[in-house]
Every structure is written in structure tokens, then in C-alpha cells.
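The values are calculated or read from the model by the stated rules, or taken from the named source; none is laboratory data. Just so you know, these numbers come straight off a predicted model, no measurement behind them. Counting neighbours? That spans all protein chains shown, and the Cβs are built from the backbone with ideal geometry, glycine included. Accessible surface areas use protein heavy atoms only, side chains included; no ligands, DNA or RNA. Shrake-Rupley method; radii C 1.70, N 1.55, O 1.52, S 1.80 Å.
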Amino acid sequence: MAQNSSRPAGRHFLQIPGPTPVPDRVLRAIDRPVIDHRGPEFAKMAKTALEGIKTIFKTANPVIIYTATGTGAWEGALVNTLSPGDRVLMVETGQFATLWKKMAEKFGLKAEFIQTDWRTGTDPALIEAHLRKDTNKEIKAVCVVHNETSTGCSSPIPAIRKAIDAAGHPALFMVDTISSLASTDYRHDEWGVDVAVGGAQKGLMMPPGMSFNAVSPKALEAYKTSKLPKSFFDWEDMINMNKVGFFPYTPATLMLSGLVEGIAMLHEEGLDNVFARHDRLAEAVRRAVTHWGLEILCRDPKYYSSTVTAILLPEGHNADAFRTLALEHFNISYGASFGPYAGKYFRIGHLGDTNDATIIGALAATEMALSLAGVPHKKGGVQVAMDYLITAHSAPVRVAAE
Ligand code: PLP
């Protein structure tokens, strides 16, 4: 904002990797009179939402919709399938994997944590090697974050499935899709995932406060013998009530209305087009960053995220101070840094209802902020990103909407 002004003019550039900007259509869908959550109108809408969300997870099996943030769906995944003392294999890809592991420990699970330096995704070979050592097949679940929002590194879910199978291991496969779902490809059934954890506030373009568990028949079998206490997050009550379009408690009625609209918008664009748009915008951001001469936190291009890019600032430049400066001058918010890299990087989110012009605007604000903050960089990153987008638009690959 200009130095002496108390109101930042224009639209805020919300470039955090979720919650993402909520499109007007979704806002209008939420902005309606409250309806009876035990009435026929609600049941019809809830069934549409419950069927619609299956098309996003690409599953024919039940998807549970929680009135809770993603953290609640993490809990749902664990308590519905596991028992105290169970061993689970997790991978320290970053802040969110670490939080999920801490939650597992709070529930009395024995988490085995494959360590990384937070600059890479999950190496399937490490999963396979770990599982092969478990000759008594005691590990009950392998839990992986598909897209580690804190670092901008993604993990190859189909290859991890293959690794579990190659080790001949019966563990459940659980995947956190919170910042990948509806932005990059995710195929619950085809990829053989047992429990997926999802959130509404990223690719689904909704406000925060709603989350999901997609569950496989194997996960539903595990439910029958799991002994961790569960009440609010209990799958059985939900699945039974959902069959007739209701919930065991008062659901977030208006949020469900927004969800139906968000899903409709994704299908109008076509999921493959949505994924291609995210890939394109991510590549534009990376090209600008590379031109600036700054380092992308994710070390290996094969793990690059299509929804968020974490950018390291050179030694002597504090990333939190940089974010504050950019917010004050250019009305733009970036994601913060965590763990061993706290204060060292900032994150540009490029997911949800966004487009080329918005991302170019965000990159321009970033390039100006780098100059103002005195961060050494080579000017012209925005031009490089524009050149890339022009080329990408010259030969667009668009598939028909669903
Ligand atoms: N997992 C991932 C990958 C996330 O990005 C987040 C939040 O951003 C969470 C879990 C936690 O979700 P929530 O903050 O909605 O509880």
C-alpha cells in the first residue's frame, strides 16, 4: 500500500498456496438463504455434492465430507483404520508430513519417519526398501503427502503404489491430496490408494472449513477392526446417513452449495485443462525465478509441484521481511517458510481459480519487491515468463470439457 494510505486499493493478490481466491460463482452459490438440513431440497443437493466429489477423486467408492479443515480429514484417515500401537510409515517431506506424523503419535501410533532434507519428494525406492525389512508385515499404513505445500515438492503416487506392491506388503496406502486435488491429476481407484485426505480451500476453490476422506473397500474392511476412538470423524455413521442425503449432524449446508458449484466449474473447464493450466502457470513461475538467479527449494525437477513454488532468498535476506515489504507496497501475500528453512524462503501459490494474467501480475509484483528489498537478482524474469506463456498459448492443447 502507498506509504501514507490506510486502504490497499485494488484486489489483493492472494498468492498463498491455499486458501485460494474463491470465484464469484462459488461465493454466489454460498450466498443464499439457509435451508433445512433434514429436508428434501438439502438431500438432493447433498447427493449431488457426494456424487460430484467422487468425480474429482476419480473414485466409485464413498467419499466422506467433513465439516472440518484438512487436519480433521487427517484424523479421520487414521482413527477409522488403525489401532493403538500400530506401526505406520511416513515420509518427512516437510511441515505437513511432520504435522501428520505428530498427530499419529498423539494417537499412540508408532510412526517410522523416512527423513529427507525437505528439498525433495518421496523416493519410492526408500519406501520399498523399508517395507521389505518388515518381514512380519507389521506396518499397517504408508502415509504420503502428494504435494508438500510447505516446500513445493510433489511425490509420485503411482510409483509409490508400485513400490508397496513390489515389496509384497499389505499396508494401507494413505495419501494427503490437500494441495494437489483438483489442480493436478489424482486417480484414487486407478492408483490403488486406500484413504485420500482432501481439503476444499485449494483446488476446489472454496473457503476453508471442509475436508474429505476418499476410501477404498480395503480401508472399509480395516475400519471394522480399528480400535482408535472415533466419534465426530466416524466413517460408518456418515456413510449410512449419506445414503439418504443426510449427515449425522448439522453439516455446513451453504458450503455444500458452494462445493457443488466449484465442482461444476471444474468440469466445465475440463479436468485435464485444469491440470494443464496449473502445469503451465507453474512452469512460468519457475522460469522467472530461474532467470532472477534465485534458487527453487525443490532440488530435483522431477518432484516440482504444479501448485506452489518455494523460492530461497540469498544469505543475509530474510524471507519474512521480504513478505512484509511486498504486502505493504504491492498488496500481495506469499506463503511463509517452515522448519529448518524458517525465514529463508517464500512461496508463490499458483493454484485454484487463477490464470496467466494473474500470475504475470504476481511475478511483476515480486520482481518489484525484490528490487525494493535490495535482493540481488537479474531483471527481466517477468518477460521470460511472458515469453513462455505466449509460446504455450501459440500451440494450446485443449481437450473438450466433460
Ligand atoms: N496437508 C497439506 C498438504 C496442507 O497443505 C495443509 C494445509 O495447508 C494441511 C494438510 C492441513 O490442512 P488445514 O490447514 O486445512 O487443516
(request) Of all residues in the range 168-216, count the ones that are within 12 Å of the ligand (Cβ to nearest atom), open to solvent by 10 Å² or more (accessible area, probe 1.4 Å) and not β-branched (Val, Ile, Thr). (result) 5
(request) Kindly provide the set of residues from the range 135-152 that are in contact (Cβ under 8 Å) with a residue 60 or more places away in the chain, within 8 Å of the ligand (Cβ to nearest atom) and assigned to a strand (DSSP E or B), ordered by number. (result) Asn147, Glu148
(request) Taking only the range 327-385 into account, find how many residues are assigned to a strand (DSSP E or B) and either among the aliphatic types (A, V, I, L, M) or open to solvent by 30 Å² or more (accessible area, probe 1.4 Å) (or both). (result) 2
(message) With the structure loaded, tell me whether Lys140 is crowded, with 18+ Cβ neighbours inside 10 Å, over 23 Å from the mean Cα position of the chain (by Cα) and not acidic (Asp, Glu) or whether it fails that test.
(response) yes
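Looking only at helices (runs of 4 or more DSSP H) that lie completely in the range 5-86, which have at least 1 residues being touching a strand residue (DSSP E or B) at 6+ places or on another chain (Cβ under 9 Å) and open to solvent by less than 30 Å² (accessible area, probe 1.4 Å)? It would help to see each step written out before you state the result.
On the way: elements: 24-30, 40-57, 70-79.
In the range 5-86, the matching helices (runs of 4 or more DSSP H) lie at 40-57, 70-79.
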(message) Residue pairs, Cβ under 6 Å, 6 or more apart or interchain, first in the range 299-327 and not assigned by TED's automatic domain parsing to the domain that holds Thr122 and among the hydroxyl-bearing types (Ser, Thr, Tyr), second open to solvent by 60 Å² or more (accessible area, probe 1.4 Å) and not in a strand (DSSP E or B). List them.
(response) Ser306/Asp279
(message) Need the failing condition index for Thr225 against (1) open to solvent by 10 Å² or more (accessible area, probe 1.4 Å); (2) within 16 Å of the ligand (Cβ to nearest atom); (3) not aromatic (Phe, Trp, Tyr), just the number.
(response) (2)
(message) Condition first: over 18 Å from Thr20 (Cβ atoms) and in contact with a strand residue (DSSP E or B) (Cβ under 8 Å, 6 or more places away or on another chain). Now tell me which residues in the range 164-190 satisfy that.
(response) Ile164, His169, Ala171, Leu172, Phe173, Met174, Val175, His188
(request) Name the residue, out of Thr55, Thr59, Thr48, Thr71, that is out of contact with any Leu (no Cβ under 6 Å at 6 or more places or on another chain) and within 12 Å of the ligand (Cβ to nearest atom). (result) Thr71
(request) Under 6 Å between Cβ atoms, at least 6 apart or on separate chains: pull out the pairs that start in the range 96-116 with a residue that is within 16 Å of the ligand (Cβ to nearest atom) and open to solvent by 50 Å² or more (accessible area, probe 1.4 Å) and end on any residue that is among the small types (Gly, Ala, Ser) and modelled with pLDDT under 95. (result) none
(request) Read through the list (1) in a loop (DSSP other than H, G, I, E, B); (2) free of Cβ contacts under 8 Å to residues at least 12 places away in the same chain, then give the number of the only condition that Met241 fails. (result) (1)
(message) Any residue at all in the range 257-267 that's in the same structural domain as Asp86 (by TED's automatic domain parsing), farther than 30 Å from Pro156 by Cα and not acidic (Asp, Glu)?
(response) yes
(request) Among what's in the range 386-398 and is open to solvent by 90 Å² or more (accessible area, probe 1.4 Å) and not in a helix (DSSP H, G or I), pick the residue that is modelled with the lowest pLDDT. (result) Val397
